[in-house]
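These notes are about the structure you will find just below.
The values are calculated or read from the model by the stated rules, or taken from the named source; none is laboratory data. If you're wondering where the values come from, they're calculated on a predicted model, not measured in any experiment. Cβ sites come from the backbone with ideal geometry, for glycine too, and all protein chains shown count toward neighbours. We work out accessible area using only protein heavy atoms, side chains counted, and drop any ligands, DNA or RNA first. Shrake-Rupley method; radii C 1.70, N 1.55, O 1.52, S 1.80 Å.
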Amino acid sequence: MVDLPKINDPRGNLTFVEGGKHVPFAIQRVFYLYDVPGGADRGGHALKSCHQFLIAISGSFNVTLYDGKENQRIHLNRSYYGLYLPPMIWREMDNFSSGSVCLVLASTAYDPTDYYRDYNEYLKTLAEGKK
Ligand code: TYD
């Protein structure tokens, strides 16, 4: 988890993110998940080389992570906290609150060949000690 700068202001708060400073990569892509219906699951993949950084810009959701050794479940619910995900972390996202928005900063352009979408294939690759 990364604590992002927060400029408190009676007119409304402001948080900013700089690539290479608050996130350990240059930002090549930004995407966001929104209008997520109740009960929906997102994620369900690991990335071979892309680094990502997730922020609950609005509302909240859960991210369940697996790195080949342990599982961790994280509740993201503040727009000034970010979750850094290096490559080869399996992630599942659920429990999106109504109106929530998940902002994702990514180190690469979208590349469907960078994905493991099959959990068993991901586990096999980890077991073989390669990407
Ligand atoms: P997907 O990775 O399945 O979403 P999630 O993991 O959040 O459930 O992506 C959904 C669709 O959007 C899929 O068809 C690929 C497309 N997509 C892009 O075209 N560009 C992107 O940057 C992303 C993240 C997805």
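In terms of overall dimensions, the C-alpha atoms belonging to the range 1-71 reach 42, 33, 24 Å along their principal axes, ordered largest to smallest. Loop-only trypsin sites (Lys or Arg not before Pro) in the range 27-130, please: DSSP not H, G, I, E or B, and at most 12 other Cβ atoms within 10 Å. Filter output for the range 27-130: 69, 117, 130. Spin-label model, residue 88 to residue 27: label points 7 Å out along the Cα-to-beta-carbon direction sit 2.7 nm apart. If the reach is capped at under 20 angstrom between alpha carbons, list the lysines near residue 124, excluding any in the same chain fewer than eight residues apart. Partners within reach: 48, 69. Taking 114, 35, 67 in turn, the Gaussian network model of the chain (Cα-Cα springs below 10 Å) assigns the largest fluctuation to 35. Pairwise Cα separations in the range 9-131 fall into 5 Å bins from 0 onward with the following percentages, short to long: 2, 10, 20, 22, 21, 15, 6, 2, 1, 0, 0. The local environment of residue 94, defined by Cβ-Cβ distances under 13 Å, has a net charge of +1 under the rule Lys, Arg +1 and Asp, Glu -1. Got a sec? Which residues in the range 63-101 would a label at residue 121 touch, if it sits 7 Å along Cα→Cβ and we count backbone N under 20 Å? The answer is 66-68, 87-93. Ignoring ligands, DNA and RNA, please state the percent of accessible area on the range 21-131 from carbon and sulfur, probe 1.4 Å. Using a 1.4 Å probe with all protein chains present, the range 21-131 comes out at 48 percent carbon and sulfur. Our estimate of slack between residue 58 and residue 75, defined as 0.36 nm per intervening residue step minus the Cα-Cα distance, is 4.8 nm. Loop-only chymotrypsin sites (Phe, Trp or Tyr not before Pro) in the range 25-131, please: DSSP not H, G, I, E or B, and at most 12 other Cβ atoms within 10 Å. Of the chymotrypsin sites (Phe, Trp or Tyr not before Pro), the ones in loops of the range 25-131 whose Cβ has at most 12 other Cβ atoms within 10 Å are 110.
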